[in-house]
Amino acid sequence: MSALRPYALRCDHRTTPLGIDDSAPLLSWRLASDRRGDDPVAYRVRVAERPEALADGGQPHWDSGRVDDSSAIGAGYAGPALRARTRYHWRVEVWSASDGAPADAVSWFETGLAMPSGAAGQSGKSVWRASWITHNPDPVDVVDAPTEGERALDDHGLAPCPLLRRVFSGSAVSPLVLARLYVSARGLYEVRLNGARVGDAELAPGWTDYTRRVQYQTYDVTDLVSQGENVLAATIADGWWSGFVGFEPRRAGAHYGTFPQFIAELQLTHADGSVSTVVTDDSWVTHTGAIRHADLLMGECHDLRRAVDGWELPGFDARDWSPARITDAEHRLLVASVDEPVRAMAEVRPVSVTRVSQDTHIVDFGQNLAGRVRLGVDGLAAGARVVVRHAEVLDENQRLYTANLRTAAATDVLIGDGRRHIDFEPKFTYHGFRYAEITGVPALSGDDVVAVALHSDTPWAGSFDCSDPDIRRLHACVEWGQRSNFVSVPTDCPQRDERLGWLADAQVFLPTAALNADVAAFFTKWLRDVDDARTPEGGFTNVAPRLAGVADEGAPGWGDAGVIVPWHLYRTYGDPRFLSRALDGMRGWVALIHRHNPDLIWRHRVGPHFSDWLAPGTPTPREVIATAYFAHSARLTALAADALGRHDVAEAHHRLAAAVRSAFVERFVTVEGPEGGESERRLRVAGDTQTGYLVSLAFGLLPDHLTEGAAKRLAELVEAAGPALQTGFVGVALAAPVLDAYGRADLAHALLRRTEVPSWLFPLRHGATTIWERWDGWTPDGGFRAPAMNSFNHYALGSIGEWLYRGVAGVDQAEDSVAYRRLRVRPEPGALTYASARYESARGTVAAGWRRRGDGLSLRVQVPPGATADVFVPTTDPGSVREAEAAPGDSGHAALIGTGPGHAHYRVASGAYHFTAAFSPAERPPAGLHEEDTP
Ligand code: RAM
């Protein structure tokens with residue numbers, strides 16, 4: 001038996017981050033124990049530059065001392081100012097109620113090139129010494145005539161990728177002890193030191209509104225520096241900075257800049273303490289090479305005849321290269337990255353390769369994803385071309401269907417130079433695809449080609465399993481939708497000329513995303529984008545990072561993500577900084593709506609109003625959706641202020657929220673029928689649509705005596721439609737949780753099982769491997785929907801994923817619980833025979849799994865240390881329920897609280913539990929919100 005121990009130490013939600021610039025980072029840990037009720041009572045954190053100083057009696061930089069806090073899973077650093085460019089080791093000790101001696105664990109983090117001004121060792125002026133540099137086209141290679149292979153090629157008006165190099169000497173009087181490279185680009189970069197690739201970040205430095213903020217990355221390159229001559233080399237590309245972005249029919253470079261630029265600072269620390277530095281400046285030299293253009297939407301072209309062999313290695317003769325041009329030395333916007341980069345996260349082998357003409361093959365990777373193709377080609381003649389085109393689906397002739405990519409060419413090209421073998425993989429683009437059409441390779445086998453899936457490195461935290469293979473596949477589709485669309489920012493889709501950080505999509509999908517993966521660092525970064533994007537009037541936008549002129553004014557449900565996302569992250573991870581950083585924005589947003597809608601019905605300043613985007617059937621009145629979100633945002637702002645101890649702000653917003661709720665009810669809710677005859681009374685929300693009832697119930701807009709009537713009407717509408725949903729992006733995420741909360745888990749299950757349009761399983765029946773943008777993106781009768789908007793990889797409708805964890809398997813937390821301190825395990829078996837989910841929460845492992853056998857059901861639950869759980873064991877005979885073969889209440893850690901029709905309710909301490917219960921479906925009373933009997 002192993003007792004209480006901390007593990008998974010994180011600094012600002014990342015494992016051993018290199019190069020942070022947060023002056024008060026959050027140092028957090030999770031807890032595990034094999035014993036029941038083995039809860040923490042206190043912790044102590046010490047931070048020191050030398051690991052020895054963390055020992056008892058050592059002299060740490062900061063010592064929190066013993067803090068008696070049984071709920072803590074982290075501590076904000078509160079010691080003397082952290083110095084830049086310094087590695088800090090830290091140790092956490094945790095005391096449990098049962099053991100005298102604490103258990104401990106250690107980790108480290110390292111600060112970046114600069115700490116915020118005012119921090120130790122800094123005057124407040126920039127410490128960067130590097131300049132932004134770029135390719136100087138004069139006088140060398142731009143004048144070259146296009147080669148034969150290039151001539152017929154559409155370069156989309158894009159310029160070749162600059163190569164930049166600088167030689168430096170590694171020999172010094174004193175040996176090297178460590179080397180750090182601080183680097184960024186206006187555009188994208190790939191850096192090499194002596195030919196070896198530095199780091200494994202893709203599409204770095206990632207996408208931000210570059211007019212507000214540019215992230216830099218830090219790399220440990222100690223092992224790459226050698227004695228004698230060294231070469232620091234970079235290839236840069238347009239990326240989001242100066243390439244095609246979004247759907248504006250604008251030329252590349254219209255949004256931020258017009259040509260890519262690079263900045264780097266290499267610091268070499270020697271044994272005698274001296275530091276030497278190599279920075280980007282006009283001593284660098286530039287040229288162009290094999291990459292003739294590279295663009296996120298259009299694709300990439302490599303002409304091997306232009307390759308400059310050995311340019312990134314020492315000994316290369318760069319006499320005919322031009323000096324780099326300094327563009328400026330502006331460092332104000334440079335910040336350390338707060339997220340993990342995009343990385344190559346998986347490789348997917350083809351399931352088939354079909355020859356469709358003499359030198360053309362169609363490769364099916366069996367999975368729609370975001371990334372690119374890596375291809376091995378033998379004996380490509382000089383000037384001969386291989387063209388790789390991408391598509392999500394095939395048309396009726398089994399050829400690529402690319403109409404839905406709109407203007408995204410998504411085409412990669414390789415032009416040969418007669419070399420025997422070449423491995424071709426683009427560097428500065430990605431595509432959304434399942435199929436690739438490869439032209440120019442006469443014989444292609446499955447071994448020659450692989451799809452490389454790229455996405456932001458969000459550690460996977462959840463898993464879900466159940467007895468229905470269709471629902472398992474649905475969960476896999478949801479996961480792949482997430483992988484494909486968490487690419488530096490949460491995008492709507494990865495394939496067409498769009499790929500924008502739409503706020504509503506992110507908001508509705510976040511609860512699912514945060515169960516699948518640890519998205520704390522990813523959304524920390526994106527919330528900065530959301531904040532950076534705010535309009536001068538204080539409103540949130542529809543997309544972030546902001547693209548000037550694109551859907552600036554936030555619509556209901558879209559702008560509200562600026563409130564909803566931080567609140568959900570706080571509840572998930574328990575880090576109050578999600579709220580403290582967002583509170584001003586939240587207040588500004590609510591105030592803006594209020595200011596323009598003093599009668600509390602949100603009609604004015606509704607942005608483009610996307611309503612319940614892509615809902616089939618009768619549209620929900622716009623004012624219903626808008627006013628519901630107004631009330632919701634006001635309430636969440638109040639809760640955020642409460643959590644931060646800002647009671648004056650909280651009170652004002654609670655009052656406002658209550659007033660908006662009343663206005664909503666008064667304006668939109670009617671109850672007809674005889675007074676007193678409650679069962680015959682008919683409650684209606686204006687428009688009488690599913691989404692109208694869903695927002696009313698999910699956002700708590702109705703007084704208690706009206707909820708039952710609303711839930712009843714919702715169920716009627718769902719039943720009358722199929723049972724089926726008639727919801728779009730707004731309603732869909734709320735449907736299963738609301739039906740379940742109001743006793744209609746049976747209907748939620750029916751929706752899950754449905755296979756006709758609209759349903760989740762319909763696309764799966766027709767080959768989907770990711771969630772579609774539209775319920776009916778393709779139908780047997782109608783074929784493809786209009787190509788102008790028909791993505792096959794949109795995650796919004798995948799927001800059902802949340803209910804698979806919470807409702808089907810039972811991994812959930814109570815409504816007022818933060819960071820899984822109070823779990824709520826209330827699985828709804830439906831017609832399934834088993835389901836389980838496991839989730840690495842901020843506190844530790846949460847798991848729930850149940851299985852039916854004959855007339856019985858067993859339920860296993862795991863509760864992390866420091867948490868308790870309310871467990872509702874599904875049963876047809878509450879008296880039959882036992883925990884680990886003991887009679888109810890026996891174990892001391894599991895107390896029977898009450899029984900209701902269909903379940904026995906236990907409250908359990910932390911630890912692992914195994915319940916058994918009688919469960920014969922035939923006798924099962926309909927699940928419902930019934931009063932419990934106390935034993
Ligand atoms: C579409 C996007 C996105 C949605 C907006 C309103 O273009 O794909 O999913 O949020 O419109």
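The values are calculated or read from the model by the stated rules, or taken from the named source; none is laboratory data. If you're wondering where the values come from, they're calculated on a predicted model, not measured in any experiment. When we count neighbours, we look across all protein chains shown, and the Cβ atoms used for this are built from the backbone with ideal geometry, even at glycine. Areas reflect the complete protein model, heavy atoms only, side chains present, ligands, DNA and RNA absent. Shrake-Rupley method; radii C 1.70, N 1.55, O 1.52, S 1.80 Å.
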| field | Percentage relative contact order, segment 5-111, counting C-alpha pairs under 8 Å, at least six apart | value | 35
| remark: For segment 321-380 the trypsin sites (Lys or Arg not before Pro) that pass both the DSSP coil test and the at-most-12 other-Cβ-within-10 Å test are Arg332
| Estimated [θ] at 222 nm from DSSP helical runs (n ≥ 4, -39500 (n - 2.57)) normalised by residues in the chain, nearest 500 | -6000 deg cm²/dmol
| Accessible carbon and sulfur surface of segment 282-408 relative to its total accessible area, %, 1.4 Å | 48
| said: I'd like the carbon and sulfur percentage of the solvent accessible area for segment 651-697, probe radius 1.4 Å, heavy atoms only, ligands and nucleic acids excluded. | reply: 49
| note | When every protein chain stays in place and a 1.4 Å probe is rolled, Thr618, Thr16 sorted by accessible area with the largest first are Thr618, Thr16
| Given a 1.4 Å probe, how much area per residue of segment 1-123 is accessible, in Å²? | 41
| note | Toy charge model, Lys and Arg Cβ at +1, Asp and Glu Cβ at -1: segment 462-809 dipole around Cα centroid in debye, rounded to 20, equals 440
| note | segment 462-809: relative contact order from alpha carbon pairs under 8 Å, six or more residues apart, as a whole percent, is 19
| Rounded, prolate or oblate: which fits segment 5-111 when a ≥ b ≥ c are the square roots of the eigenvalues of the alpha-carbon gyration tensor, with rounded for a/c under 1.5 and prolate only if a/b beats b/c? | prolate
| Accessible surface of segment 822-923 [probe 1.4 Å, protein heavy atoms]: carbon and sulfur percent | 48
| query | So what is the accessible area of segment 263-306 per residue, in Å², with the probe set to 1.4 Å? | reply | 24
| field | Loop-located trypsin sites (Lys or Arg not before Pro) in segment 575-649 whose Cβ has at most 13 other Cβ within 10 Å (DSSP) | value | Arg603
| Ranked from the most accessible area to the least, with a 1.4 Å probe and all protein chains present, what is the order of Ile73, Ile236? | Ile73, Ile236
| note | Distance in Å, no decimals, from the C-alpha centre of segment 359-392 to the one of segment 451-481 is 25
| query | Mean projection of the alpha-carbon convex hull of the chain over all orientations, in nm²? | reply | 40.3
| With a ≥ b ≥ c the root eigenvalues of the C-alpha gyration tensor of segment 791-884, is it rounded (a/c under 1.5), prolate (a/b larger than b/c) or oblate? | oblate
| field | segment 42-74: trypsin sites (Lys or Arg not before Pro) in DSSP coil with no more than 15 other Cβ atoms inside 10 Å | value | Arg66
| task | Give me the net charge of Tyr435's neighbourhood, meaning all other residues with Cβ under 12 Å from the Cβ of Tyr435; Lys, Arg count +1, Asp, Glu -1. | result | -1
| task | Would you please classify the overall shape of segment 132-339 from the alpha carbon gyration tensor, given that a ≥ b ≥ c denote the square roots of the eigenvalues, rounded means a/c under 1.5, and beyond that prolate means a/b larger than b/c while oblate covers the rest? | result | oblate
| task | Specify the inter-centroid distance of segment 174-193 and segment 1-73, based on alpha-carbon positions, in whole Å. | result | 30
| query | Any idea how far the Cα center of segment 232-285 sits from the one of segment 793-817, in Å? | reply | 40
| Accessible surface, segment 779-910, averaged per residue in Å² (probe 1.4 Å) | 33
| message | Is there a quick way to get the dipole size of the chain? I mean about its Cα centre, with the Cβ of Lys and Arg at +1 and of Asp and Glu at -1; what is the value in debye to the nearest 20? | response | 540
| Sequence of Lys712, Lys427, Lys525 when ordered by accessible area, the most exposed leading, probe 1.4 angstrom | Lys712, Lys427, Lys525
| task | With a 1.4 Å probe and every protein chain left in place, tell me how much accessible area His287 has, in Å² to the nearest 10. | result | 30
| message | Suppose the chain between Arg655 and Gln358 were pulled fully straight at 0.36 nm per residue; how much longer would it get relative to their current alpha carbon spacing? | response | 99.7 nm
